[in-house]
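See structure below.
The values are calculated or read from the model by the stated rules, or taken from the named source; none is laboratory data. None of the values given here were measured: they were computed from a predicted structure. Quick reminder, even Gly has a Cβ in these numbers, built from the backbone with ideal geometry, and neighbours come from all protein chains shown.
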Amino acid sequence: MSLIGLLVSLFLQCCLGTWLFMVVAFSAGGLANGRTLPAWQTRMLDLSLLAVPASSAVVALGMLALYLAGSPWLSWWWNALPVGVGLVYFLFFGSASRSRTDRHVASSAGRD
């Protein structure tokens, strides 16, 4: 990987980390707003607020360290790691939000 490729990768990882933080913050707020969540799910949301964007920072620092060390392990595939972490977050809490919404809609339809 060239120096220009590394710099572009680092910039995009910073952008991805910021975007992931905003998405996790707003989705976690939406899930926790007005609902009683189990304690483990609240802890997972709190941890996700820091861990999901931090994965992007860890990858950026790791790529920089690998470049400076001249390691053969430096690859473009490192950029996919935070994307995978974000997908795991979306799949886990996306299914939780759909199941809660379905129960809420089903219970409110009977009251009308």
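Regarding region 31-47, can at least one residue be identified that is surrounded by fewer than 18 Cβ atoms within 10 Å (Cβ to Cβ), of a type in the set (Phe, Trp, Tyr) and under 11 Å from the mean Cα position of the chain (by Cα)?
No, region 31-47 contains no residue that is surrounded by fewer than 18 Cβ atoms within 10 Å (Cβ to Cβ), of a type in the set (Phe, Trp, Tyr) and under 11 Å from the mean Cα position of the chain (by Cα).
Go through region 53-88 and report how many residues are modelled with pLDDT under 90 and touching a Gly at 6+ places or on another chain (Cβ under 6 Å).
0
Within region 63-89, count every residue that is part of a helix (DSSP H, G or I) and either touching a residue at least 40 places away in the same chain (Cβ under 8 Å) or surrounded by 15 or more Cβ atoms within 10 Å (Cβ to Cβ) (or both).
Result for region 63-89: 13.
Filtering region 49-74 down to residues that are small (Gly, Ala, Ser) and in contact with a helix residue (DSSP H, G or I) (Cβ under 9 Å, 6 or more places away or on another chain), which residue is nearest to residue 17 (Cα to Cα)?
Out of the qualifying residues, it is 56.
May I ask you to verify whether residue 55 is within 30 Å of residue 7 (Cβ to Cβ) and in contact (Cβ under 8 Å) with a residue 40 or more places away in the chain?
Spelling it out, it is not the case that residue 55 is within 30 Å of residue 7 (Cβ to Cβ) and in contact (Cβ under 8 Å) with a residue 40 or more places away in the chain.
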